[in-house]
Amino acid sequence: ECINPENLSDSSFKIHITNSTHKHEKELASPREEWYAQYSKTLFELSSYEACIAVCTEALNKVKNMHYHNNIWFFRRIAQCYYRQKIYDKAIETYEMITSEKHDWFLFHELAECYFNKGNNHKALEMAKKAASSAGPINFKVELIALLGDILYCSGEYDLALKHYLLVRAIREAENWKENTVLTQKIEKLNAGKWKTDFKKETLKNELTFYWNGNKINKPLNRDIKKGTIVKLLAAKEHGTDGFINIDDGVTIYFFLPNHHPGYQRLNIGQKVTFQTTDTPKGIKAKKLKFVE
């Protein structure tokens, strides 16, 4: 803030670089361009978003010969400022302009976040899949893959959402990162003991890469038949009775048994049953109950 950029040189300069195989010349940004880059970054980190937008706009107007794709990065910083201020329409407009020229996966990721927060799950999913299928190390994309899980969950695609969360967990375990409790809660909420979750990282990655590239995944996660014990019954309703089943690993699952079920009269606490599970907007529900003699 003590520096007037007008007092800084706007002339770029060249350096000669020599390595073991060849020599080459590289042109570096002018002191003025570098000042705009560093100052706008600092303003963004300090959450001074309006000031950051003003500085980036000034740089785009006054620095005629940009280096290192700074013309893109100044626009990206403007878009990030709009996103942080929840001005999603302007953020989306800016990101759409940027991604028409530069196709880095993290730019599509940020655009997907804008659409998701605006409530446009369809466009959010489209951009997130484009980001996931673009070049980049998989361990750098854990937040993106978690975002895909959130989008799919909000769209009612529970199996696919769970697979994305499981891939995030597999990546984190492979990198020896500490447990993410929020991620664990999401997995437990979607899984509720209905299938095994010890999938290998490469297995999930290969299957989901197929999906990210625009293909359908018809293979469901393994829905084994479960065994459990009825531990709670609620008040009987006109069409039947609902309650809860406890399975071997301590998970409790909701069920509703219609009064036309052949075993309805035998419905009691302590009754052993087998069942399968289904996803509902409120969580996991037991279905196809059979009474164990």
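The values are calculated or read from the model by the stated rules, or taken from the named source; none is laboratory data. Please read all numbers here as calculations on a predicted model, not as lab measurements. With ideal geometry, Cβ positions are generated from the backbone for all residues, glycine too; neighbour counts draw on all protein chains shown. Ligands, DNA and RNA are excluded from the accessible area calculation, which covers all protein heavy atoms including side chains. Shrake-Rupley method; radii C 1.70, N 1.55, O 1.52, S 1.80 Å.
Look at (1) without any contact (Cβ under 8 Å) to a residue 12 or more places away in the chain; (2) farther than 21 Å from Y82 by Cβ and you find that L28 fails only one, number (1). Checked against (1) farther than 30 Å from A286 by Cα; (2) surrounded by 14 or more Cβ atoms within 10 Å (Cβ to Cβ), L152 passes all but condition (1).
Evaluate segment 236-251: report whether one residue or more is modelled with pLDDT of 85 or more, of a type in the set (K, R), farther than 29 Å from Y165 by Cα and assigned to a strand (DSSP E or B). Quick ask: steps written out before the conclusion?
If we filter segment 236-251 for residues that are modelled with pLDDT of 85 or more, which is where we start, we get 236-246.
Subsequent filtering for residues that are of a type in the set (K, R) retains 237.
Of the ones still in play, those that are also farther than 29 Å from Y165 by Cα are 237.
Keeping just the survivors that are assigned to a strand (DSSP E or B) gives none.
Within segment 236-251, none of the residues are modelled with pLDDT of 85 or more, of a type in the set (K, R), farther than 29 Å from Y165 by Cα and assigned to a strand (DSSP E or B).
Out of the residues in segment 263-291 that are assigned to a loop (DSSP other than H, G, I, E, B) and modelled with pLDDT under 85, which is surrounded by the most Cβ atoms within 10 Å (Cβ to Cβ)? Looking at the filtered set, the residue picked out is G263. Among the numbered conditions (1) over 15 Å from R84 (Cβ atoms); (2) assigned to a helix (DSSP H, G or I); (3) open to solvent by less than 70 Å² (accessible area, probe 1.4 Å), the only one that C52 does not meet is (1).
Okay, residues lined up against (1) open to solvent by 20 Å² or more (accessible area, probe 1.4 Å); (2) under 30 Å from S12 (Cβ atoms); (3) of a type outside the set (A, V, I, L, M); (4) under 14 Å from the mean Cα position of the chain (by Cα):
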site: R76; (1), (2), (3), (4): yes, yes, yes, no
site: F108; (1), (2), (3), (4): no, no, yes, yes
site: G119; (1), (2), (3), (4): yes, no, yes, no
site: K123; (1), (2), (3), (4): yes, no, yes, yes
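Of the candidates E143, E93, the single residue that is under 12 Å from the mean Cα position of the chain (by Cα) and open to solvent by 40 Å² or more (accessible area, probe 1.4 Å) is E143.
Checking the structure you have, find out if any residue of segment 84-96 is in contact with a Leu (Cβ under 9 Å, 6 or more places away or on another chain), farther than 21 Å from A54 by Cβ and in contact (Cβ under 8 Å) with a residue 12 or more places away in the chain.
Scanning segment 84-96 turns up at least one residue that is in contact with a Leu (Cβ under 9 Å, 6 or more places away or on another chain), farther than 21 Å from A54 by Cβ and in contact (Cβ under 8 Å) with a residue 12 or more places away in the chain.
Screening E6, E58, E33 for residues that are at pLDDT below 95, more than 19 Å from R84 (Cα to Cα) and assigned to a helix (DSSP H, G or I) leaves exactly one candidate, E6.
Looking only at segment 163-196, residues that are over 17 Å from V251 (Cα atoms), touching a helix residue (DSSP H, G or I) at 6+ places or on another chain (Cβ under 7 Å) and of a type outside the set (K, R) come to 11 in all.
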